[in-house]
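All of the numbers you see were taken from the coordinates with simple rules; none came from a lab. This structure is a prediction, so every number in the text was calculated from the model and none was measured. Note: ideal-geometry Cβ built from the backbone for every residue, glycine included; neighbour counts use all protein chains shown.
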């Protein structure tokens, strides 16, 4: 089953490896792919006597992770294994897996996360410099679990693994839509499973200030609609992340994106106020006043508190998208700029940032911020977070600044896993020298929160973020897209055992949309649509607000139609050879689509929320009819009739139009079929 | 679609009602059924202008609930309605629904939860004595949402509703398997949706002490394996419950069921110790020492802290299943009994309870405990929680004690919704006088935690607990089982919007069991099996421990096979008339089963965890073959051949045998078919 693709990509990295080991054939589903793996003959057969031992030094993190690993192994196999909680007291005579670490890892940039995993017939060893490395090794180990008719096994192998980049992040925006503690926790589990190590928590924006603040309590009291994390919850999440070897970096976006702060403390604002909570999306005017000493006194106390709450060395100050309108309109600010020879809003923001930098330094924090914070004269231990792209990243690296990339990893924009996967923080043609390249620390996938809720956020993050995680961890040469998609599906499945809802909420949302009728016809339809891309969704007749329903077909639809992707491959094969072995599958698929509308229309009658996609469902039927005609023509080596081809023009045009903010993803493939059958 | 059944049951309670109101036909899916409902002609048509207004007095609970209600309405309909957060400042000219309450309700026994809901073409009013009553009304209102080809509407009606019993509880055991905060929260949402009002939290037992305790910190430090609720989390959950009009009653089970306490403080025990954490199930020996003054000093401080943490008037002290072994073995205890004329362990426990009662009284708490706490001479404001049954409940009521019933509501025992539904706290033939009946406060469904994890607990609680909730809320005369099942399915579907996993984890678990292959054949099989009942699961070759995998077919299987239930109806109809309109459905169902094993066996090959049900899957095929033969014979009005009937005896015997701790639920129906075709 596609074994060879899986093997090829590994061969491309490795020197020595066997595909067939003993009687077993092994399909590796590792994601991210390790830096180095050598498969050996033979297997380690798993049975119910399986036990694990951890050598000193270790702390509760490693014991917990080992226990969790055993539970997941038991969960998958149904095996009743003998160990309960692994602790320092777990003394064993003959453990089948031995874990050895040299020291307890620290949650800081550049910490060692390497590990070596050796599997032989009788013994497994996992050796790592730090316990964090051992955690990464556990995930690889679980991904190696294989099956044959005799049961479960691990293929004999030697893996030496370490990350390509030290900063491998996921940002979750908890401001636009609040994300409860359990959402964050299960996503931290997902991150750990694919070896991500930085959770960037976007905690304050126009639409909500989400942290309990003791020095300035009106921030959460008036700026959150009651939806905020208590400091105890923050600590709980930081501890949860730490147990998974993940750093937590909070973002307090200033001076713009600050409406929620100004609702609470209008005296911080550049305009007189009062301010009211922002419920809409887009770049807003409210901005902190950079010439008022109160602003700095306020932020000094604020960051003093937050620096103690969040233990990481870095503090993200946002700094993006200041439209400057309230600065322009404030005579005091304008006068200050004149008096101080500040030529424009960018230099005024640089002034603001320098003041903030001093405050952060006072509390032993290093600054990270979006592109806009980059100005000459800043200390070189700041990190530039590039949302604008390679150009700014390269520029700052050349000037000696560290940077991470998020441009190309905006997972809220509903682009393909392939698109993100092939986006490299340091592309092959980088103009940076080897030394300069070291300034590029990695990147972050960013889950902006305008259009997601706790119900849908998992499906927007996963599984695509696993492909991004591989980009950050694995060697640059790992970039076989088809194999990535094969492994991504397996990874997506395994992520589900961690409680992530990305798979199961699909059916749940379809059930709600059908009012609990048979979802099969809606699923057939939803399987071939995707939400409209980039920011298009805001410009198709619906005005989205924070309190709008995010429960429609566009929200249920997956970010990437694997059905359409697969179908496009079937079409290519069919055009190349209508007698290819998968030709029947293409015909069957078209036949299913041809019949679907008749069933779906009955569901729409009892569920008006589906009316908005009715005409698109009819288009799917029409496209299927046309596709079948084209396929028949190709099979008979005949040309499609001219009137059919002519009529298809209008159909293609209509079918390509989004409705309900979703797009029908098979239009290009049918067009290809028709085009092939026309020549 | 079964409208008439739905209507009948309401007619049985009401005097005046219309089935057809205007052009609309209305199927009511209310659960629990209100005390009084009168349907009227006409409808209130829902559109995107829908707004709500709350009259004073109100507090954040009512505003939050109203906001949540609007969000759920928007979620179901996809309507972009204009209101964001409902607050005291939400002033509206022409709100379409007006909510009026007289006072803010208190979370205490006997609080008023009644409400009146009136829906007319243009206006909806919800009037309640307390805001808690209004919350109950919101749930009814959402359940009334209906649909026709023109969109969404509410049927005109007048509902006057109030609960039959003031104590309507769900107990969740968080000791045997720890249940994280999000599990508790989503189950509180489920409780609110079906108007339950007491969350009984089983927090300490042999296998875990789950509360952070500041006076005796080793309790959670050594007695929980690290899995406990912090006091902040406890407060968070109490507040969450309060926002839903739900009381929270903690249970600290003493003097038995106390291993985890004794691990931390062995000096509390009746045996010398040391004790180690209990990982197995059943009645265990470790018991607190009732003759040691340290025990009472300890518990005095303990309850002082817990009484402050948990605001409810009642404190549950468990008190059950003390096997007395450690008391018998302790000479000091035996001497004490002699010295004080205490004849047996029951009277010794009565002595212990009286001491505890004094402590609770000191901290203004009333005592509730299981049957065993009932002894003459206790004050009459204690509540007896009956797990033993009607007899003890009646006895205590007759003696002037208040009681609640859990016998018959043990939802961990995998019995049918029907069984629980027909179990009445005050059956029609009760020997209690009207006055004595007032002592019966209601009941609680109990979700004991041995065999459930955070993955499966929702599916063990829901939807069956909704049927129990109806038993506690609706008039006793509401007991049409078929209509209950019809409404239970709709209720189950609606519970899903609250984040409950009872439906979606079914597919998730089947995916894991198939190693992400097509789940359809496994689902066809799993749809007709149920876990073995009562405590049988512990006696079929597997020794279950707290850390065993609870991820096998028996865990995925639903507590009640609706497919088997439906099939048994098809069989009855078929036997009565082989030409009945649903006969084809029966044949089709049998044909599906006939084909299923061939597919499932291929999945089993790649997923050894399924091997344990392979022979049962083969039995399903054999039963289907036999059923089809019997059906054909009946259709032709012929007798089954004697050799077929003879052979069926062995098949039935084998097929009825549990494997993998599941039972095949269609055996009796096939037997019935064969029997009918043999005569």
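Per-structure values
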quantity	calculated
Fraction of antiparallel bridges per DSSP, chain A only, in percent to nearest 5	40
Mean separation of Cα contacts under 8 Å, 6 or more apart, over the residue count of segment B:167-492: relative contact order %	18
Relative contact order, percent, segment B:505-678 [alpha-carbon distance under 8 Å, six or more residues apart]	29
Neighbouring partner chain Cβ atoms per residue of A:507-517, average, 10 Å criterion	4
At 7 Å out from Cα toward Cβ: residue B:226 inter-copy label distances (nm, ascending)	3.5
Computed over chain B: relative contact order in percent, which uses C-alpha pairs under 8 Å that are six or more apart	11
Residue A:576-residue B:437 pseudo-label distance in nm [points 7 Å out on the Cα-to-Cβ vector]	7.9
Inter-probe distance in nm under a simple model that places probes 7 Å from Cα toward Cβ, at residue B:636 and residue A:363	8.6
For residues of A:490-503, the mean tally of beta carbons on other chains within 10 Å	3
Per-residue Cβ neighbour rank within 10 angstrom, fewest leading, B:333, B:342	B:342, B:333
Copy-to-copy label separations for residue A:41, where each label sits 7 Å from Cα toward Cβ, in nm and ascending	9.0
Peptide B:547-553 - average C-beta neighbours from other chains (10 Å radius)	6
Residue B:297-residue B:602 FRET efficiency (beta carbon distance; Förster radius 51 Å; 0.05 resolution)	0.20
Residue exposure sequence - B:230, A:130, A:491 - by fewest surrounding Cβ within 10 Å	B:230, A:130, A:491
Projected label distance in nm at residue A:123 and residue A:94, using a 7 Å step from Cα toward the beta-carbon	1.3
The protein assembly as shown - mean residue ellipticity at 222 nm from DSSP helices (-39,500 (n - 2.57) per run, n ≥ 4, rounded to 500)	-12500 deg cm²/dmol
Potential extension, residue B:535-residue B:675 segment - 0.36 nm per residue separation minus Cα distance	47.3 nm
Per-residue Cβ neighbour rank within 10 angstrom, fewest leading, A:639, A:542, A:122	A:122, A:639, A:542
